[in-house]
Amino acid sequence: METTFTPTVEGAGVKATIQRIGGYLAGMVMPNIGAFIAWGLITAAFIPTGWIPNTKLATLVGPIITYLLPLLIGYTGGKMVHGQRGAVIGAIATMGVIVGSSVPMFLGAMIMGPLAAYLLLKFDRAFEDKIKSGFEMLVGNYSIGIIGGGLALLGVWVIGPVVTHLTNWMGSGVHSLITHHVIPLAAVIIEPAKVLFLNNAINHGVLDVLGGAAAKGASHKSILFMLEANPGPGLGVLLAYWFFGPKALRPSAPGAIIIHFFGGIHEIYFPYILMKPRLILATICGGAAGIAVFSATGVGLVAPASPGSIFAFITETPKGDYIGMFLGVIVAAGVSLIVASALLGFGRGPDVSDSEALTDAQDRNRKAKAESKIAVPTGAL
Amino acid sequence: MPSIESTDVKKLVIACDAGMGSSVMLASNVKKQLKGTSVIVEHTPVDHIPADADVVMCHAGLAERARKTRPDMVIVPFRLFMGDPAVTKVINAIKNGGTIDG
């Protein structure tokens, strides 16, 4: 088992398809994370329980999450389907679901933005050869205006209310997971999915949407922003590699730790798990332990932590939640370190570290060299 | 499998899922190593690899998506974000000449 280096959990085509769909959802949110962070910082600073309460400045909080963030998502989603025209119609259609609902319309924006752009794309394709010369601009503007306006009306009447129910339903599902203390089990799904490069899909495609809806509530924060982004579990695995990993890999661990924990690029630790897949148990246990601490101490973040750096956690933790936040990150790292170290045999014993991963790495090197000998003509190296 | 002579490589693209995180990091690394050559190094999301790219590098876990986006392009999968032999091989080929296989 341990020699399988590349993830092949499902049929390879299925994995790529899931990645692609997830990447698509995340792709609507990720370019706009800066706006989420601006909203989070303003919230943490100026709400009545914030650092420097200010009623005038706190009036920014509501409109940003109600209008700006969903509009940006709908705009970006439309742009991904049909360029600038798609972006504009995506924003118009998103406005409909925003007005037609009482909850933050992230989910609605993710549906309406691409859908509106797709319909416009179909329209543009159908009529591109049929427009008389000189009427292109007229048709171009009025097609967006009429189709977009119609979709906005549809959003107010039908789609907004439907998505409101859907969002509330998912929100109460998550809420009951939290109140019944089973939310740590989320790590069982999140941690393996992460190393299969579904990290963005889960965090920004799903958790941001649910977290954003939850964070609009009175508490102005959500634990959901912490589930995937916690840098603790990955830190534990990298530390274990540094102390007990195959000797050839130990020197690479400190650099990876800096990039992962401070830079927030979690991808850096995925290969360390993929080369010894049983280490996924370490991040699952670490992740679950961290979530349990976050949940027990009742902490959350005010906005998505992206990248998942400890600095992002620090800046987005609301006043009063610091102890729980740090405790959760440290516990996650600690549990993950202990489990990973045990799985690595503490660097000794019959299961001596240097076994699979290193031979595997050496095999690859040898193979790569052999390939380069065949592929690279004489004098190339 | 497509391949390309390193002298024909004008644009090297490093792709990751979002094109915002790990690919940016590796691209800035590779850029440093290719300083002095005329090769343009870019980072993009794996589903939006530009058509004028000559060589694409991405993590093995994403290679299938890259191949779906650009079936005829030279796609070099790697496994480690630091010090992967596949990445080193491409850089050496560009610097010293040789063929890059997808």
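The values are calculated or read from the model by the stated rules, or taken from the named source; none is laboratory data. Being a predicted model, the structure only gives us computed values, none of them experimental. Cβ sites come from the backbone with ideal geometry, for glycine too, and all protein chains shown count toward neighbours. Areas reflect the complete protein model, heavy atoms only, side chains present, ligands, DNA and RNA absent. Shrake-Rupley method; radii C 1.70, N 1.55, O 1.52, S 1.80 Å.
Structure summary
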item: Between the range B:11-66 and the range A:304-330, the Cα center-to-center distance that results, in Å; result: 31 Å
item: Links that overshoot a 28 Å alpha carbon limit, given the list A:Lys79/A:Lys216; A:Lys130/B:Lys11; B:Lys11/B:Lys89; B:Lys10/B:Lys89; B:Lys10/B:Lys68; A:Lys79/B:Lys35; result: A:Lys130/B:Lys11; A:Lys79/B:Lys35
item: Reachable lysines, given that their alpha-carbon falls under 18 Å from the alpha-carbon of A:Lys247 and they are not under 8 places away in the same chain; result: A:Lys276
item: Cβ crowding within 10 Å averaged over residues, with A:298-308, A:321-331, A:169-179 ranked highest first; result: A:298-308, A:321-331, A:169-179
item: Per-residue average of Cβ from other chains inside 10 Å of B:81-94; result: 4
item: Positive-end residue of A:Gly34, A:Tyr322, A:Leu185, charge dipole of chain A with Cβ unit charges; result: A:Gly34
item: Average beta-carbon neighbours from other chains, 10 Å sphere, peptide B:16-28; result: 6
item: B:Asp52 versus A:Val14: modelled label distance in nm, points set 7 Å from Cα along the beta carbon direction; result: 4.1 nm
item: Computed [θ] at 222 nm, deg cm²/dmol, chain A (DSSP H ≥ 4; -39,500 (n - 2.57); rounded to nearest 500); result: -20000 deg cm²/dmol
item: Solvent-accessible area lost in complex, 20 Å² minimum, residues of the range A:233-282 relative to chain alone, 1.4 Å; result: A:Ile259, A:Ile265, A:Glu267, A:Ile268, A:Pro271
item: Packing rank of A:268-279, A:152-163, A:120-131, where each peptide gets the mean count of other beta carbons within 10 Å, highest leading; result: A:268-279, A:152-163, A:120-131
